[in-house]
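For reference, the structure is listed below as structure tokens.
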Amino acid sequence: VNNLSFKRNNKKIFENINISLAPNNMIHIKGTNGIGKTTLIKILSNILLPTNGSIFWNNKNINKDLNNYYKDMTLIMDTNTSKKDMTIIENINFWKTIFLSNKKDDEIDSLLDLLGIYKYKNIMTKYISRGEARKLELCRLIIENKKLWLLDEPYLGLDQNTIGTINETFKSHTKKEGMIIFTSHFNPQIPNINELDLN
């Protein structure tokens, strides 16, 4: 990321942001509410376009190679994408279909069990709690199996046990050449996290 700037209604949100992320690394974007953390994630995922600056992936400007960028990237925002009138397992099977996931049923069952939502797998998501819906959303990281994870407030609504599981998942991903950029007010107990403070 080179010299990224963004203005909204002529108001400067941030300017001259530079990010370098290599495999086996993660970056924690920090800052107070309204400072531009979510906006930055949206720009990094090409939902919003920057006022100035460029984003490169594998030495190519993402705007010239969007398909390859999307092929390598999973985006999880602070709002959930699961359908409320579908069960947990129906949502997962839908995601598996659109992302051409090769995860087997027993792997999915183990994942749901690890997150403590296996017993709800046949329950419509409109009947599960906010925290449980968040756990379901985070299943996409494993289902999609992409190299770059972009996450906005991944710890939102999670209990302490699940926070530990997510931390271990993050560490495991970076040990396998994975890359992570996430925003959070929470400071996870993960060693060697690079920080970008927007304040």
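Here is the list for region 138-192: trypsin sites (Lys or Arg not before Pro) lying in DSSP coil, each with at most 15 other C-beta atoms within 10 angstrom of its C-beta, are Lys176. Here the chain carries DSSP beta bridges of which approximately 35% are antiparallel, counting only pairs with both residues inside. Each Lys or Arg adds one and each Asp or Glu takes one away; over the other residues whose Cβ falls under 15 Å from the Cβ of Phe186, this sums to -3. Entry comment: accessible area of region 126-182 is 40 Å² per residue, from protein heavy atoms only and a probe of 1.4 Å.
Note on region 53-136: with neighbouring protein chains present and a 1.4 Å probe, carbon and sulfur make up 49 percent of its accessible heavy-atom surface. Of all lysines in the structure, those lying under 22 Å Cα to Cα from Lys121, and not within fewer than 8 positions of it along the same chain, are Lys83, Lys84, Lys96, Lys103, Lys104, Lys135. Applying a threshold of 28 Å to the alpha-carbon distances of Lys71/Lys126; Lys37/Lys175; Lys12/Lys42 flags Lys71/Lys126 as lying beyond it. Considering only Asn192, Ile181, Asn25, and ranking their Cα positions along the charge dipole of the chain that arises from unit charges at the beta-carbon of Lys, Arg, Asp and Glu, the one farthest toward the positive end is Ile181.
Tell me, which longest segment in the chain has none of the chymotrypsin sites (Phe, Trp or Tyr not before Pro) that fall in DSSP loops with at most 15 further Cβ atoms within 10 Å? The reported range is 1-98.
Sites listed here are trypsin sites (Lys or Arg not before Pro) in region 86-124 whose DSSP assignment is loop and whose Cβ has at most 10 other Cβ atoms within 10 Å: Lys104.
The values are calculated or read from the model by the stated rules, or taken from the named source; none is laboratory data. Bear in mind that the values here come from a model prediction, so they are computed numbers and not experimental data. Using ideal geometry, Cβ is built from the backbone for each residue, glycine included, and neighbour counts are taken over all protein chains shown. Please note that ligands, DNA and RNA were not included when accessible areas were found on the heavy atoms of the full protein model with its side chains. Shrake-Rupley method; radii C 1.70, N 1.55, O 1.52, S 1.80 Å.
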